[in-house]
Each structure stands twice: as C-alpha cells, then as structure tokens.
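Notes to accompany the following structure.
The values are calculated or read from the model by the stated rules, or taken from the named source; none is laboratory data. Since we're looking at a predicted model, the values are computed, not measured. Note: ideal-geometry Cβ built from the backbone for every residue, glycine included; neighbour counts use all protein chains shown.
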Amino acid sequence: MTFRYAYLFVTLLVTIFFIETTSAIECNSIPTDGCTVTHNTIFIQNNYSLPRGITINENNVFLDCSNSILDGEHSFQNGITIFQKKNVTIKNCNIQNYERANLLVRESEEAKIENSRLENSEWNYGINIYHSTKAELKNNSLRSNRVNLYIEATEKQDYDHLVDKTNTVNSKPVIYLFDAKNLAINTLDLGHLEINFGENISIVNNQIAGDGILLNNVINSFVSSNIISKSDVGLDLQHSEGIKSIRNEIYNNGLGIRVQESDNNLFLDNSITSSNYEGLSLFEANNNLIKNNEIISSKYYNLRIISSSNNRFSDNTKQETAEF
C-alpha cells in the first residue's frame, strides 16, 4: 500500500511538471495567456486579454509591446513578471487591470522599464520592485493603482534604483531619492515623493496626490505645510527618527499618517481628516510627541496605537482611539 501511494505521488509530480513545462508557451509576436519570453520579442500592436499575464524567463532580453494593451481583466495575477533575472528591458507596454501588480520585478538585477503605462490595479501595485537591485525606470505613466510605485527591501542596496522625474503618477512627476543629504524639496506638484536613507531633508509647501510622502530610514528632517491627498498613505514614516511634521494638511487618504518602527519624531499642528481607514497609526513607534493635531472623520479609527510606548499626546482634536 505504501509503495502504491508513493508511485501515485511521483506520477502526480511528473504530471504537474509536464503540464507546467508544456504550458509555458513562447510569446513571440502575438502573446497568448500565460506565455513566456525567452528571447528578444516585439509584439504586433493590438489589445490582448491576458488574465494570467506574461513571464520573462531569460536574462539579457527585451520585450517591446509596441504600445499594445495587456489587459488582466482584474485577475489576481501579475501582468508582467521578472523573477530572478538580470538585464531585462520592458518598453512600450500598456498594462492594466492586474490585481497583484501590473508589473513585478522580483529578486532581479538591472531591470529597465521604459515608456510604459501601468493602470488600474485597484487592489495593489502599478510597479512592484521586490528585493531587487539597480532597477531603472524612465518615462512611465502610473495611474489609478492603489499604490502606484512600491519598492520592498530589507537591505540598503536594494533601494538603490534610478527613478527619474520623467516617470509620473496621475500625470504628476515622481521624486525618488536614495542616500540623500542636505536637500530642499519645495513648492512642487507631485504624484509620488519617496526618500530611502536620507538626512537633513526639507520638504515644504508641496502638493502630493497619488502616493503621498514616504520616508524610510531618514533622520533629522523637516516636513511642513504640504497638502497630501488621494494616496494609500499620506505621510509614511518607516525606521525614521528626528522627523518634524508640522502644519501639513492631509486628507482623503487610506491612512493619514503611518509611523512604523520610528522613534523620537514630532507631529505638530497637522490636519488629518477624512481618512478611509485610520487617521494616525503608530506601530512599534516610541517616544514620539503628538501635539495640537486635528485628527477627525476617519472611517475606522482616528488614532490607532499598536505595540508602542512612551508617546506623548497633548491638545489633539480626535474622536475614537484604539490601542493594542
């Protein structure tokens, strides 16, 4: 009996392997659903319904979509996936309606994304760069994704990407900085502002709508008099310290301000209103001063505190508070 089950198990594995390998059809010039790219490929321009997306399965190749539309029909898949590959170029692709990511770069090196449009990932990401190095993004339009540009990493070098101002979120420029010091970002109309590893940054009198402001591993910096709206997170502090957030107007975001593993920061005279989830969220955040802020009209909690201690609250206008 044991032998019989072992035989059936091996047969099942062989069958699955056969199905996966035989179903990995080369995309060539007219892509089919779930196809793969293993050589330089130029699509014939058209509208393609591809709910299972496309996977790049070789190093040192390019895919030129010729401005074709790749439509995921709101499937919970990735549009184009680059996984553990090096020196892959994606260009002239219009990718839409994929609910994991319209484009995923995972554990890859030197990926280049150019002249592409990534839209309508209502649940997740326009472009998701995950534990990858030296990606380069130029002249891409990201629009109407829950998060338009999302970079995940644990090592410092995995934040070192070239993302210039020719990229836009909701038709507004993207600013992405790595290892920045002694800079002023003032009086701009932006769709995405992200700083990974920085010191002594001044962010004043800007308007940001689309992806908000993200400060990750930033110290001793100043964020004041900005208007931040229509973003998944308005102001997002991760692993940051000595940030002074003063007189910002933050409204109609998923989360107004999120403070995650960030200590010794000041939040003073901010207006945080009409958040779809939470107004101010503290997670493993300690020794912060929250004073004279208006935190109202959030859908769930105006103030949520999780695994945090020694934070001081004074003269804030708020309604519900949840502490865990």
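Can D189 be described as surrounded by 19 or more Cβ atoms within 10 Å (Cβ to Cβ), within 21 Å of the chain's Cα centre (by Cα) and either in the same structural domain as N302 (by TED's automatic domain parsing) or modelled with pLDDT under 95 (or both)?
When the stated conditions are applied, D189 does not pass them.
With at pLDDT 95 or above and outside the structural domain of D236 (by TED's automatic domain parsing) as the only criterion, which of N205, N115 stands out?
Result of the check over N205, N115: N115.
Could you please give the count of residues in segment 277-295 that are buried (at least 17 other Cβ atoms within 10 Å of the Cβ) and either within 23 Å of the chain's Cα centre (by Cα) or modelled with pLDDT under 95 (or both)?
Total meeting the criteria: 7.
If a residue has to be in contact with a Leu (Cβ under 9 Å, 6 or more places away or on another chain) and either more than 10 Å from R52 (Cα to Cα) or surrounded by fewer than 17 Cβ atoms within 10 Å (Cβ to Cβ) (or both) to count, how many in segment 77-86 make the cut?
3
Scan segment 280-301 for residues that are touching a Lys or Arg at 6+ places or on another chain (Cβ under 7 Å) and not aliphatic (A, V, I, L, M) and report the count.
Of the residues in that region, 1 qualify.
Taking I257 and the conditions (1) at pLDDT 95 or above; (2) out of contact with any Leu (no Cβ under 7 Å at 6 or more places or on another chain); (3) assigned to a strand (DSSP E or B), which numbered condition does it fall short on, given that it satisfies the others?
(2)
Being crowded, with 24+ Cβ neighbours inside 10 Å and either touching a Phe, Trp or Tyr at 6+ places or on another chain (Cβ under 7 Å) or of a type outside the set (G, A, S) (or both) is true for just one of I213, I219. Which residue is that?
I213
If you take the residues of segment 153-178 that are loosely packed, with under 15 Cβ neighbours inside 10 Å and β-branched (V, I, T), which of them is modelled with the lowest pLDDT?
Among those residues, the one meeting the criterion is T154.
Working carefully through the options I129, I95, I113, find the one that is under 17 Å from the mean Cα position of the chain (by Cα) and closer than 21 Å to E155 by Cα.
Unique residue meeting the criteria: I129.
Based on what the data block shows, is S309 in contact (Cβ under 8 Å) with a residue 24 or more places away in the chain and assigned by TED's automatic domain parsing to the domain that holds Y176?
no
Any idea which of N302, N287 is part of a loop (DSSP other than H, G, I, E, B) and polar (S, T, N, Q)?
Result of the check over N302, N287: N287.
Conditions: (1) surrounded by 19 or more Cβ atoms within 10 Å (Cβ to Cβ); (2) farther than 20 Å from N40 by Cβ; (3) free of Cβ contacts under 8 Å to residues at least 60 places away in the same chain. E107 meets all but one. Number of the miss?
Failing condition for E107: (1).
Collect the residues in segment 35-54 that are in a loop (DSSP other than H, G, I, E, B), under 14 Å from F83 (Cα atoms) and not polar (S, T, N, Q), keeping them in residue-number order.
Once the filter is applied, which keeps residues that are in a loop (DSSP other than H, G, I, E, B), under 14 Å from F83 (Cα atoms) and not polar (S, T, N, Q), segment 35-54 yields only G53.
Listed residues V233, V174; which is within 19 Å of the chain's Cα centre (by Cα) and under 18 Å from D160 (Cα atoms)?
Being within 19 Å of the chain's Cα centre (by Cα) and under 18 Å from D160 (Cα atoms) holds for just one of V233, V174, which is V174.
Looking only at segment 55-76, count how many residues are hydrophobic (A, V, I, L, M, F, W, C), loosely packed, with under 15 Cβ neighbours inside 10 Å and part of a strand (DSSP E or B).
Final tally of qualifying residues: 0.
Would you mention how many residues in segment 261-276 are within 20 Å of R146 (Cβ to Cβ) and either touching a helix residue (DSSP H, G or I) at 6+ places or on another chain (Cβ under 8 Å) or surrounded by fewer than 24 Cβ atoms within 10 Å (Cβ to Cβ) (or both)?
2
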